[in-house]
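Here the structure is laid out as structure tokens; the discussion comes afterwards.
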Amino acid sequence: MAEILAAGAALKPALALLRAGDVVAIPTETVYGLAGDATNGIGVARIFEAKGRPRFNPLIAHVADMAMAERIGLFDPLSEELALAFWPGPLTLVLPQRRGNGIHPLVTAGLDTIALRMPRGFGRDLIANLGHPIAAPSANSSGRISATTAQAVAADLGDRIRLVVDGGATPVGLESTIVKVEGTGLRLLRPGGIAAEEIEAATGMQILRGGVAGIEAPGMLASHYAPDAAVRLNARTVAEGEALLAFGDRRAEGWQHAAAFRNLSASGDLREAASNLFAHMQDLDRVGARAIAVEPIPFDGLGEAINDRLSRAAAPRDNPAPAA
Ligand code: TXA
Ligand code: MG
């Protein structure tokens with residue numbers, strides 16, 4: 001069972017867990033978050049594992065200050081203005097990522113944009129002391145509502161995590177508002193703790209709602225990450241010109257001839273595999289192989305999310321041309 005520690009006494013143990021690649025539930029002003037070091041693939045994989053998320057939805061990276069935010073994302077003037085007006089606070093900005101920002105690709109599900117937020121209170125202190133951003137989705141198991149007290153977190157996730165930091169009931173109680181600058185406009189991706197009207201008043205702009213780029217549902221996000229190469233799942237053989245994405249210690253036939261080779265986890269550890277998935281796919285895609293053959297990956301634990309992500313990458317890319 002997770003230990004519940006008052007925020008005043010929890011900084012050191014929380015830091016120790018994050019540094020060891022583990023997760024910790026923390027209070028923020030919106031809802032409790034399940035935090036992991038955003039630069040540590042194992043820590044990020046553990047977040048998905050503890051939540052039992054069937055998919056790798058992109059997570060919000062939480063920062064301690066503007067300098068940290070600017071090392072991660074590329075701010076346009078409007079996003080900068082919003083950050084200055086509302087941070088720290090319940091506003092999340094989606095920005096293009098800065099190259100080489102150290103964020104593990106599992107945080108963003110392989111997207112080239114990133115959601116950034118500067119929280120108030122314990123979370124911010126924790127991030128400043130860690131010196132790295134933390135990835136933190138709401139601290140609830142997949143499909144349940146967000147937790148706003150340490151007790152609710154412990155009741156839901158207590159047997160899967162080591163520590164819940166108790167900061168009392170979260171003042172906002174609702175997730176952050178997510179916005180994204182699009183050209184000269186501003187789009188609401190998720191309504192939340194800051195009313196759209198407040199943002200409109202601060203910027204003098206009208207917020208765009210809905211539409212094609214509206215809330216980017218996981219299914220839509222998936223299509224953002226399609227490698228150039230075709231993807232062939234459950235491969236037991238490697239064909240001419242294919243790269244191989246392996247798993248475990250039993251190789252597909254003909255693996256010696258693969259155009260390129262990466263193993264998600266030689267020891268068959270699904271947590272390690274999850275943390276390697278996006279980077280390995282990108283590496284294999286970079287060699288320009290015709291297709292990426294993927295060895296069978298079990299469906300238990302994080303395997304479900306890994307298989308979900310891979311099957312999206314393998315799905316047909318284009319609508320078939322209408323029959324003549
Ligand atoms: O208040 C909050 O935002 C809480 C606290 C813990 O900070 N966190 C939270 O995280 O609600 P989560 O993972 O439950 O929701 C994150 C949302 C998802 O809807 C996801 O699709 C969206 O952020 N998101 C993340 N990265 C994105 C991106 N690059 N583009 C568009 N949407 C993104
Ligand atoms: Mg959530």
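The values are calculated or read from the model by the stated rules, or taken from the named source; none is laboratory data. Bear in mind the structure is a predicted one, so any value in this text is a computation, not a measurement. When we count neighbours, we look across all protein chains shown, and the Cβ atoms used for this are built from the backbone with ideal geometry, even at glycine. With ligands, DNA and RNA removed, areas are computed over all heavy atoms of the protein, side chains included. Shrake-Rupley method; radii C 1.70, N 1.55, O 1.52, S 1.80 Å.
Data overview
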| item | result |
| --- | --- |
| Charged-residue dipole, Cβ positions (Lys, Arg, Asp, Glu), the stretch 1-143 about Cα centre, Debye nearest 20 | 320 debye |
| For the stretch 10-76 versus the stretch 269-315, the gap between their alpha-carbon centres in whole angstrom | 22 Å |
| Rg [Å, one decimal], Dmax [Å, integer] - the stretch 1-158, C-alpha atoms | 14.5, 46 |
| Summed side-chain charge close to G123 - residues other than G123 whose Cβ falls under 12 Å, Lys, Arg +1, Asp, Glu -1 | +1 |
| Under 9 Å, Cβ to Cβ, from T28 - net charge with Lys/Arg +1 and Asp/Glu -1 | +2 |
| The stretch 223-286: GluC sites (Glu not before Pro) in DSSP loop, at most 16 other beta carbons within 10 Å | E240 |
| Farthest positive-ward along the stretch 234-313 dipole, Cα basis, beta-carbon charges - from M281, L264, I306 | M281 |
| The chain - percent of accessible surface contributed by carbon and sulfur, probe 1.4 Å | 52 percent |
| Separation between Cα centres of the stretch 178-203 and the stretch 105-166, rounded to whole Å | 23 Å |
| Coil-residue trypsin sites (Lys or Arg not before Pro) of the stretch 140-204, DSSP, other Cβ within 10 Å capped at 14 | R144 |
| Karplus-derived 3J(HN,Hα), 6.51/-1.76/1.60, for each residue of the stretch 72-83, Hz, glycine and proline x | 9, x, 9, 8, 7, x, 5, 4, 4, 4, 5, 4 |
| Å² of accessible area per residue within the chain, as computed with a 1.4 Å probe and no ligands counted | 44 Å² |
| Where the Cα pairs of the chain fall when distances are cut into 20 Å bins, in % | 32, 55, 14, 0 |
| Linear extension gain, E197 paired with N101, 0.36 nm per residue minus alpha-carbon span | 31.3 nm |
| Antiparallel bridge percentage (DSSP; both residues within the chain; nearest 5) | 40 percent |
| For the stretch 152-158, Karplus couplings with θ = phi - 60° (6.51, -1.76, 1.60), whole Hz, Gly/Pro x | 5, 5, 5, 5, 8, 10, x |
| Cβ-placed point charges (K, R +1; D, E -1), dipole of the chain about Cα centre in debye, nearest 20 | 340 debye |
| Environment charge at G89 (Cβ cut-off 9 Å; Lys +1, Arg +1, Asp -1, Glu -1) | +1 |
